[in-house]
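> So that we are looking at the same thing, I have put the structure below in structure tokens.
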Amino acid sequence: MIYLLCFTVVLVALLVFLLSRRFYQRRISQIRYSHDNVRDDYLKQLTTSSVQRENFETILSSMVEGVIVIDAKGRIQHASPNFCQLLELRSKETQGKLYWEVIWNQEINDSLREALAHKRAVRKEIGILDAQESFFSMQISPVMGKEDKLLSLIAVFHDITELKKLEKVRTEFVANVSHELKTPLTAIKGFVETLRNSVNDDPAAVARFLDIISKQTQRLENLVSDLLILSSIESREVRMNFVPEPLSPIVGTVVALQKKAIEAKGHRLTVDVPESLPKVLVDRQRMEQVFLNLLDNAVKFTPPAGQIAVRARWENPYVCVEVQDSGVGIPAEHLSRVFERFYKIDKSRSRDAGGTGLGLAIVKHIISAHQGKIEVESAVDQGSTFRIFLPCQN
């Protein structure tokens, strides 16, 4: 059973990796297809009247891609507005100037020089590492005339910065999933082998090993469950059932579920969610998940005999709900990243608490799906306050 569970988890992680990789490759293919279309259309327009060429330039100017046309001597014949916006240029005046007098980036200039010298296409990805890191897919195509004479070059630039960010997120996600899976799987395997090879019967040791295996299996189960929840929300595979609901019963249900955990640590819980508050349009099951995750974190990261409060008030056009604790708090430098997947401030502390690193990411996605917003205030050793804003029912 344990090995079957482990195999299932690994299979889920592999499926996530393959799907995200397929999406990235398909998007790159679409960009290349766009580049080829621009080049082919330009070749056709070279043989048409000047009026049609002007119309074609108008079309180029309206394209999302940045387009630049350079003659055989390296002078700019046309530069689309988007090209000028995508790249930082030496001069706003581009018409008739040599390309290297206008373009700062040395890698782009070297590529244009290579295409002019060898009369061949050049395709590259250009990274510009400035204050705002950006990436471009560049396709340079030669336009040839009779007797293999170079007439001009047409270069198309597509901003792939967001794609690169998605690729980075995908890579980090796979790495994080692999790491999170490896730890419990290694523990389970090690203790199973210890039990299997044990010569002396030691009931106490056997019970302790089985308890560790059980906890690590539960950890795997929690991780798989959170992965499936996050995946379904992000992909919008699960349709939410939005219904006007009062918040008081929702919070009451979650508090009842956490009652034993709260009492076990001796926390003092204060709940102030007036029944007179306006109703909010929510998916009750998902909203319970939000408050369950936030309250669970408050219980886990608040020392024994601490204080936890759940309060709500009307801040037109929102109902604001706060989950506040007197726990260990979050350092200021981590506040902007606490809603990222697998982001853990203290990995060892989170592991001991049984967290998967996905709880707050799930909360953020659910709140976003409700057209709401979430924010956090915290200080080390002074506790944290998570504040949710949900639109009131119209």
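Only the coordinates and a few stated rules stand behind these numbers; no lab work does. These numbers come from a predicted model, not from an experiment. Every residue, glycine as well, gets a Cβ built from its backbone with ideal geometry; the counts of neighbours run over all protein chains shown.
> Pairs of alpha-carbon atoms within less than 8 angstrom and 6+ residues apart define the contacts here; what relative contact order does segment 239-384 have, in percent? Spell out each step's value before the answer.
On the way: 225 pairs, mean separation 34.4, N = 146.
Reported relative contact order: 24 percent.
> To the nearest 20 Debye, how big is the dipole of segment 243-394 about its Cα centre, given +1 on the beta carbon of each Lys and Arg and -1 on that of each Asp and Glu?
Working: 19 positive and 17 negative charges, 71 e Å.
The dipole of segment 243-394 has a size of about 340 debye.
> Report, by chain and number, residues whose modeled amide H sits under 5 Å from the one on residue 150, excluding near sequence neighbours (fewer than 5 apart, same chain).
Amide H to amide H, under 5 Å and 5 or more residues apart or across chains, residue 150 pairs with 145.
> Apply the Karplus parameterisation 6.51 cos²θ - 1.76 cosθ + 1.60, with θ equal to phi minus 60°, to every residue of segment 368-382 and state each ³J(HN,Hα) to the nearest whole Hz, in sequence, with x for glycine and proline.
With the stated coefficients, segment 368-382 comes to 4, 5, 8, 6, x, 8, 9, 9, 9, 10, 6, 8, 4, 6, 10 Hz.
> Largest first and in whole Å, what are the equivalent-ellipsoid semi-axes of segment 243-394 based on the Cα gyration tensor, each being the root of 5 times an eigenvalue?
On the way: eigenvalues 117, 62, 37 Å².
Ellipsoid half-lengths, sorted descending, are 24, 18, 14 Å.
> Rounded to the nearest 0.05, what FRET efficiency do residue 256 and residue 334 give with R0 = 35 Å and r taken as the Cβ-Cβ distance? Could you check? Could the numbers behind the result be given before it?
Values: r = 31 Å, r/R0 = 0.90.
The pair residue 256/residue 334 has a calculated efficiency of 0.65.
> Treating only the Cβ atoms of Lys and Arg (+1) and Asp and Glu (-1) as charged, compute the dipole magnitude of segment 80-162 about its Cα centre; round to the nearest 20 debye. Mind showing how you got there, number by number?
Numbers: 10 positive and 13 negative charges, 100 e Å.
For this selection, approximately 480 debye.
> Same structure again: By the scheme Lys and Arg +1, Asp and Glu -1, what is the net charge of all other residues having a beta-carbon under 11 Å from that of residue 89?
On the way: positive: 90, 92, 97; negative: 88, 93, 101.
Summing Lys/Arg as +1 and Asp/Glu as -1 gives 0.
> Starting from the amide H of residue 379, placed 1.01 Å from N in the peptide plane, find each other amide H under 5 Å away whose residue is 5 or more places distant or on another chain.
330
> Which value in nm describes the separation of the simple spin-label points at residue 393 and residue 242, placed 7 Å from the Cα toward the beta carbon?
Label at residue 393, label at residue 242, 1.3 nm between them.
> If you don't mind, another one. Among residues other than residue 321 whose Cβ falls under 15 Å from its Cβ, what is the net charge (Lys/Arg +1, Asp/Glu -1)?
Cβ neighbours under 15 Å give a net charge of -1.
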